[in-house]
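A short worksheet on the structure shown next.
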Amino acid sequence: MTVAGVDEERWEVVIGLEVHAELSTRTKLFSAATNEFGGEPNTHIDALTLGLPGSLPVLNEHAVELAIRVGLALNCEVRRSVFARKNYFYPDQPKNYQISQFDLPINAEGWLELPSGQIAGIERAHLEEDTGKSTHVGGGGRIHDAQYSLVDLNRAGVPLLEIVGKPDLRSPDEARAYVSELRAVLVAVGASDGKMEEGSMRVDCNVSVRPRGAEEFGTRCEIKNINSLRSLGRAIEYEAARQVDLITAGDRVVQETRHWNEEDGRTHTLRSKEGADDYRYFPDPDLVVLDPDPEWIERVRAALPPLPAARRAVLVDRLGATREQAALLVERELDALCLATVEAGAEPVRTLTHAEHNLSDDRARDLDPAAFASLVSMELDGELTATQAKTVLAELVEHGGDPVAIAADKGFEAMDSSELDSLVDGLIADHPDEWQRFCEGDGKITGFFVGKVMKATQGKADGKVVTGLLNARKG
Amino acid sequence: MSSDARSLAASVRSGERSAVDVLEEHLSRIDEREGDVHAFNLVTAESARAEAADVDARVAAGEDPGPLAGVPVALKDNLCTDGVPTTCSSRILEGWCPPYDATVVTRLAAAGAVAVGKTNLDEFAMGSSTENSAFGPTRNPHDLTRVPGGSSGGSAAAVAAGFSAISLGSDTGGSIRQPAALCGVVGVKPTYGLVSRLGLVAFGSSLDQIGPFTTTVADAALVCEVIGGHDPGDSTSLPQAFPSVSDHLDDGVDGLRVGIITEMMGEGISPDVAARVRAAADALAAAGATVEEVSIPALTFGLSAYYLVAPAEASSNLARYDGVRYGNRVDAPTAGEMMEATRTAGFGDEVKRRIMLGTYALSAGYYDAFYGKALKVRTLIRNDFDAAYERFDALISPTSPTTAFAFGDKTADPLQMYLNDVCTIPTNLAGHPAMSLPFGVGDDGLPVGVQVLAPALGEVAMFRVASVLESSLASSGPVAS
């Protein structure tokens with residue numbers, strides 16, 4: 001756990017994330033306008049999206065189901081909830097209020113298990129509608145000095161789930177791991193495509209610092225405009241260092257919203273909380289209380305797919321994978337393959353090692369477990385060297401087939417050990433100077449002999465075996 | 001010749017009269033008196049003639065155009081009409097045409113009604129006299145020096161003047177019942193959720209309810225049945241049809257228990273109005289009802305709670321009028337200044353007053369003391385009503401404290417104006433049904449309305465009481481001026 005630029009002996013960084021995820025529904029949260037990314041401006045709209053007089057919201061049941069899926073996946077309590085109006089004027093907010101959930105969110109009090117085993121608290125995950133998009137033309141692209149602004153309401157009314165994490169994270173790495181894991185969960189349950197670059201997953205980051213050992217949190221700043229995991233880490237590092245510098249210089253941190261600037265790598269004041277917005281929340285009288293039937297919740301729970309944390313646990317428990325392997329293999333969607341391969345008789349450790357190092361190709365997910373298992377057994381039985389096994393595996397991923405046939409086709413067969421003995425003896429006799437250096441302990445010369453053997457055997461020899469033979473002859 | 005909607009529809013359906021003929025008769029009355037009354041923001045004579053001709057064509061083809069075949073209807077100008085300007089009597093929406101019809105408008109058309117125009121109202125339905133219209137006040141057809149009441153003053157006046165056989169209004173705190181009383185017609189606010197609000201320009205969403213103005217109780221029942229019933233487009237719409245009230249109009253009140261609300265018979269109520277309510281009580285007792293006084297103390301908090309809840313919701317509902325997407329825009333250098341200039345120029349004083357009241361009531365630090373407390377009072381009123389309805393099937397009271405007042409009488413003091421709705425507001429807070437029907441005249445010879453209240457979904461009892469009062473008045477001879 002490191003935060004560049006911050007003396008970690010003295011300071012602790014506290015991070016809490018608010019993630020907005022666009023839900024993958026066909027239509028918007030409260031109307032039949034289509035929920036689709038992109039498109040000509042103002043084409044995915046209808047009366048409600050425009051905030052026309054007389055239009056009324058009707059809740060999208062599918063959005064509620066997706067919210068419940070996420071809530072259950074995040075170990076939240078799914079509750080009776082109320083939609084409220086958050087009132088503020090902005091040109092891309094068609095009604096000049098946003099329908100959100102305030103004191104009674106649909107999901108509350110959950111947690112997310114990170115690949116490291118760390119548990120990060122989830123305060124709530126509530127439903128709300130998205131705003132439109134403004135493009136400010138001229139004057140540096142900010143609303144205040146723009147010449148004019150263009151408003152696109154395609155995104156207005158798209159269902160969002162705002163997932164508010166507790167301030168349980170302590171480093172950029174933890175923050176990144178949290179967002180990656182959350183994204184994996186959202187994708188796994190089919191709630192969102194989790195694309196940060198398309199804005200379907202947006203991260204606001206609350207950062208504060210406190211002297212190590214202190215109980216109370218420091219004053220926090222909220223950072224917006226973070227568009228990638230990389231920016232998230234950079235923004236936290238910059239902001240933490242800025243706050244430590246302020247405090248060290250005898251100044252104080254002002255609670256405010258700050259804007260991350262990707263170009264200059266800094267955060268800048270967006271608006272100060274001191275003139276705090278008063279959103280005048282009140283229950284939306286156009287909507288009724290949302291009280292999902294417990295039976296419905298249980299049906300949704302029963303239909304949830306295995307989640308990343310559970311899948312990692314299976315790899316650790318059943319195959320003896322390390323945490324790191326489990327995290328990597330689940331992320332690459334290779335856990336099912338590994339389990340099936342071991343099921344088909346393969347030795348787990350070797351199976352996991354291959355999957356970890358030699359199966360980065362996306363097509364590896366479609367490998368035939370039986371073929372993979374047979375390959376692992378051939379290698380462990382000495383029928384293939386590690387190098388050969390890797391070659392055959394690549395071929396299996398590329399074209400499929402039978403590992404025995406592929407090995408035979410490539411002329412891979414186990415070397416007769418006497419053949420290898422005489423080959424090594426011959427090389428020593430032909431290269432006395434190099435042998436002398438090897439005997440004097442020059443490790444670099446080992447490669448010379450191994451290379452020669454490989455060349456002579458067209459790669460069929462096992463490098464480790466050759467090294468063993470050389471060492472045995474050194475005396 | 002009867003000009004009530006049922007008679008008109010019957011004659012059109014039977015081919016006895018043409019819808020075009022019925023329409024022309026009403027249009028000629030509009031030509032004659034609209035200049036004095038100013039019930040309409042827009043008369044849609046041309047499209048009405050096409051609709052009427054269509055009704056006639058369907059009758060000629062042997063089809064049934066529906067229970068309101070050829071009945072001219074006027075629509076309050078806060079009901080959306082496809083391609084027809086809908087202004088809410090506000091400068092800010094001047095010229096705006098909705099791309100859709102309100103559900104009630106669609107249902108009226110499907111029943112064969114012919115829309116003759118959009119009626120005047122207090123801007124965004126905020127007021128009790130129609131004096132807050134940006135396009136000038138409507139005058140009471142019974143006395144042109146008096147207000148027609150509000151906010152649905154145009155719709156009430158249109159029916160009272162015979163411009164249309166029926167009309168629709170919206171009632172947030174009495175905006176159908178009070179003008180009905182002042183104009184001497186029948187006006188109904190149904191149970192909240194029985195009539196779809198989709199396409200009604202919102203004022204106080206948790207209070208707003210659409211209802212009819214008619215000349216007879218039976219017409220009111222019919223229109224309610226046509227416009228009511230579930231609409232999936234309104235989340236607060238109840239999952240049921242409008243109770244079949246028409247079937248029970250002749251049931252009488254024998255055995256019904258009717259209460260006179262004590263709190264609405266004393267201070268602030270004009271004695272001649274109170275006398276008409278007592279006369280109504282006598283008529284009900286004579287018809288076999290058990291009638292006694294009932295005190296519902298919580299009702300006295302109604303006005304205060306209403307003037308927090310309704311403006312709070314309005315402050316949010318009216319935020320969308322910002323000049324960005326539709327309606328009038330006043331240009332200014334920045335987006336924020338443009339919104340401010342647009343709203344400053346576009347809204348009238350009463351609308352601004354309520355937006356400010358509501359914004360304040362919802363503000364951080366004040367919410368609990370104002371809006372939060374108002375919600376508690378609302379619950380209290382509902383509970384006290386419910387307790388009363390354990391003993392009574394229906395309640396009666398005056399609709400309005402006085403008969404129609406003169407222009408300018410109450411405009412200087414908003415509180416005096418607000419007090420006009422003291423008898424009607426509690427029903428909206430409770431979500432219950434209530435209606436006003438004419439029951440004689442006051443000392444000044446102007447119509448007095450009696451209000452009949454009932455518990456949620458108690459429309460059948462309410463209409464039974466109203467129907468008996470209507471017949472008792474008819475049998476005692478004409479009283480209205």
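The values are calculated or read from the model by the stated rules, or taken from the named source; none is laboratory data. Values in this document were obtained by computation on a predicted structure and should not be read as measured data. Don't worry about glycine lacking a Cβ; one is built from the backbone with ideal geometry, like all the others, and counts go over all protein chains shown.
Computed values, structure above
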read-out: Subset tally (residues that are among the aliphatic types (A, V, I, L, M), surrounded by 16 or more Cβ atoms within 10 Å (Cβ to Cβ) and more than 14 Å from residue A:311 (Cα to Cα)) for the stretch A:333-354; value: 4
read-out: Complete set of residues in the stretch B:288-310 that are of a type outside the set (S, T, N, Q) and surrounded by fewer than 17 Cβ atoms within 10 Å (Cβ to Cβ); value: B:288, B:292, B:293, B:297
read-out: Members of the stretch A:73-106 that are surrounded by 21 or more Cβ atoms within 10 Å (Cβ to Cβ) and under 23 Å from residue A:313 (Cβ atoms); value: A:73, A:74, A:76
read-out: Those residues of the stretch A:307-323 which are without any contact (Cβ under 8 Å) to a residue 24 or more places away in the chain and either surrounded by 17 or more Cβ atoms within 10 Å (Cβ to Cβ) or not β-branched (Val, Ile, Thr) (or both), in sequence order; value: A:310, A:313, A:317
read-out: Residue under evaluation residue A:252, criteria (1) closer than 30 Å to residue B:313 by Cα; (2) assigned to a loop (DSSP other than H, G, I, E, B), criterion not met; value: (1)
read-out: Residues that are within 12 Å of residue B:213 (Cβ to Cβ), in a loop (DSSP other than H, G, I, E, B) and polar (S, T, N, Q), drawn from the stretch B:128-186; value: B:152, B:164, B:175
read-out: Helices (runs of 4 or more DSSP H) completely within the stretch A:424-475 that count 3 or more residues being crowded, with 18+ Cβ neighbours inside 10 Å; value: A:446-457, A:463-474
read-out: Only listed residue being aliphatic (A, V, I, L, M), touching a Leu at 6+ places or on another chain (Cβ under 7 Å) and at pLDDT 90 or above, chosen from A:289, A:300, A:254; value: A:300
read-out: Tally, over the stretch A:137-151, of residues that are on the phi < 0 side of the Ramachandran plot and within 12 Å of chain B (Cβ to nearest Cβ); value: 10
read-out: Qualifying residue in the stretch B:326-346 (condition: under 26 Å from the mean Cα position of the chain (by Cα) and either closer than 26 Å to residue B:395 by Cα or more than 9 Å from chain A (Cβ to nearest Cβ) (or both)); value: yes
read-out: The listed residue being within 20 Å of residue A:357 (Cβ to Cβ) and either in contact (Cβ under 8 Å) with a residue 60 or more places away in the chain or hydrophobic (A, V, I, L, M, F, W, C) (or both), out of A:461, A:389, A:429; value: A:389
read-out: Residue that is surrounded by 24 or more Cβ atoms within 10 Å (Cβ to Cβ), touching a Phe, Trp or Tyr at 6+ places or on another chain (Cβ under 8 Å) and away from chain A (no Cβ under 14 Å), where the choices are B:145, B:87, B:119; value: B:119
read-out: Given (1) farther than 30 Å from residue A:91 by Cα; (2) under 25 Å from the mean Cα position of the chain (by Cα), index of the condition residue B:314 fails; value: (1)
read-out: Unique match (being surrounded by fewer than 24 Cβ atoms within 10 Å (Cβ to Cβ), out of contact with any Gly (no Cβ under 7 Å at 6 or more places or on another chain) and within 14 Å of another protein chain (Cβ to nearest Cβ)) among B:82, B:56, B:101; value: B:82
read-out: Among the residues listed as B:402, B:411, B:379, B:427, the single one being in a helix (DSSP H, G or I), of a type in the set (Val, Ile, Thr) and closer than 23 Å to residue B:160 by Cβ; value: B:427
read-out: The stretch A:3-58 - residue that is within 13 Å of chain B (Cβ to nearest Cβ) and β-branched (Val, Ile, Thr) and, of those, surrounded by the most Cβ atoms within 10 Å (Cβ to Cβ); value: A:49
read-out: Some residue of the stretch A:127-140 being in contact with an Asp or Glu (Cβ under 7 Å, 6 or more places away or on another chain), surrounded by fewer than 20 Cβ atoms within 10 Å (Cβ to Cβ), at pLDDT 95 or above and assigned to a strand (DSSP E or B); value: no
read-out: Tally, over the stretch B:187-232, of residues that are in a loop (DSSP other than H, G, I, E, B), away from chain A (no Cβ under 14 Å) and hydroxyl-bearing (Ser, Thr, Tyr); value: 3
read-out: Unique match (being part of a helix (DSSP H, G or I) and either within 22 Å of residue A:53 (Cβ to Cβ) or within 12 Å of chain A (Cβ to nearest Cβ) (or both)) among B:369, B:364, B:374; value: B:374
read-out: Qualifying residue in the stretch A:67-83 (condition: small (Gly, Ala, Ser), touching a strand residue (DSSP E or B) at 6+ places or on another chain (Cβ under 7 Å) and within 11 Å of chain B (Cβ to nearest Cβ)); value: no
read-out: Residue list for the stretch A:23-53, filter: farther than 15 Å from residue A:129 by Cα and in contact with a strand residue (DSSP E or B) (Cβ under 7 Å, 6 or more places away or on another chain); value: A:41, A:42
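Conditions tested, residue by residue: (1) more than 24 Å from residue A:75 (Cα to Cα); (2) under 15 Å from the mean Cα position of the chain (by Cα); (3) not in a loop (DSSP other than H, G, I, E, B).
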residue	(1), (2), (3)
A:309	no, yes, yes
A:312	no, yes, yes
A:324	no, yes, yes
A:338	yes, no, yes
A:345	yes, no, no
